[in-house]
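First up is the structure itself, then whatever we jot down about it.
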Amino acid sequence: MAKRPILIHPDPRLKTEAKPVGVISDEVKRLAEDMLETMYDAPGIGLAAPQVGVLSRLLVMDCIKEEDQPPRPMVLINPVVRWTSDETNVYEEGCLSIPEQYAEVERPAEVEVTWMTLDGTEASERFDGLWATCVQHEIDHLDGKLFIDYLKPLRRQMITRKMQKLKREQARA
Ligand code: K1U
Ligand code: ZN
């Protein structure tokens, strides 16, 4: 397993729609392992393949926060949202590609998602709470959408300028 660098917004790869995974090759399995390591190390509760520069429809997540509960690493390949609740939730979201910026985003409170697992079987689950917020945030990444795209243009521009400054400083260091 290896950690991979996380792309920082703005980057054209974060605005591009990712392509479905075809064969679950050793390369895909290695990508999933590396993404889980990268997510836990960050630390984060989710990570989508475009965030590590791979434009494939694969995401990982683990929204277990309690220290006394076992981790639940999940790998979702070609996930599709099949159903969303009318009820919504507002959550203050962050993003590993937009470090230290947080904003409230309103999304469906519950979603039903189907996907392919690493062993090639179909899976389906209804997510709620933080899991529902996270899986929607990560599927947005696969569609080239960031949580700041839900904000008013001025706020989005301010965050983008901060990130451009951060990237200039990182490049100089
Ligand atoms: O996709 C990402 O950039 C990961 C992101 C996922 C996410 C966070 C909040 C709401 C929806 C989706 C993160 O993991 S940001 C870090 C974070 O939220 C966190 C980190 C450590 C402990 C708990 C949360
Ligand atoms: Zn994100």
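Every condition in (1) more than 16 Å from ligand 2 (Cβ to nearest atom); (2) closer than 25 Å to Ile159 by Cβ; (3) among the aliphatic types (A, V, I, L, M) is met by Ala2 except one, and the failing one is (2).
With respect to Glu125, determine if the residue is modelled with pLDDT of 95 or more, more than 15 Å from ligand 2 (Cβ to nearest atom), within 30 Å of Asp26 (Cα to Cα) and touching a Lys or Arg at 6+ places or on another chain (Cβ under 6 Å).
no
Glu67 - would you say it is within 12 Å of the chain's Cα centre (by Cα) and either over 17 Å from Asp140 (Cβ atoms) or within 15 Å of ligand 2 (Cβ to nearest atom) (or both)? It is false that Glu67 is within 12 Å of the chain's Cα centre (by Cα) and either over 17 Å from Asp140 (Cβ atoms) or within 15 Å of ligand 2 (Cβ to nearest atom) (or both). Residues that are away from ligand 1 (no atom under 14 Å from the Cβ) and within 26 Å of Val23 (Cα to Cα) number at least 2 in the following strands (runs of 3 or more DSSP E) confined to region 39-155: 74-84, 111-116, 122-127.
Scan region 72-92 for residues that are closer than 21 Å to Tyr40 by Cα and free of Cβ contacts under 8 Å to residues at least 24 places away in the same chain and the total you get is 3. Taken together, Gln51, Gln69 contain a single residue that is on the phi < 0 side of the Ramachandran plot and either of a type in the set (D, E, K, R) or touching a helix residue (DSSP H, G or I) at 6+ places or on another chain (Cβ under 7 Å) (or both), which is Gln51. For region 93-118, the set of residues classified as closer than 21 Å to Ile24 by Cβ and without any contact (Cβ under 8 Å) to a residue 40 or more places away in the chain consists of Val113, Thr114, Trp115, listed by residue number.
Checking Thr16, Thr84 one by one, the residue that is among the hydroxyl-bearing types (Ser, Thr, Tyr), surrounded by fewer than 19 Cβ atoms within 10 Å (Cβ to Cβ), under 20 Å from Lys145 (Cβ atoms) and in contact with a Lys or Arg (Cβ under 9 Å, 6 or more places away or on another chain) is Thr84 and no other.
The values are calculated or read from the model by the stated rules, or taken from the named source; none is laboratory data. Keep in mind the model is a prediction, meaning the values are calculated, not measured. For neighbour counting, all protein chains shown are included, and Cβ atoms are generated from backbone atoms with ideal geometry for every residue, glycine included.
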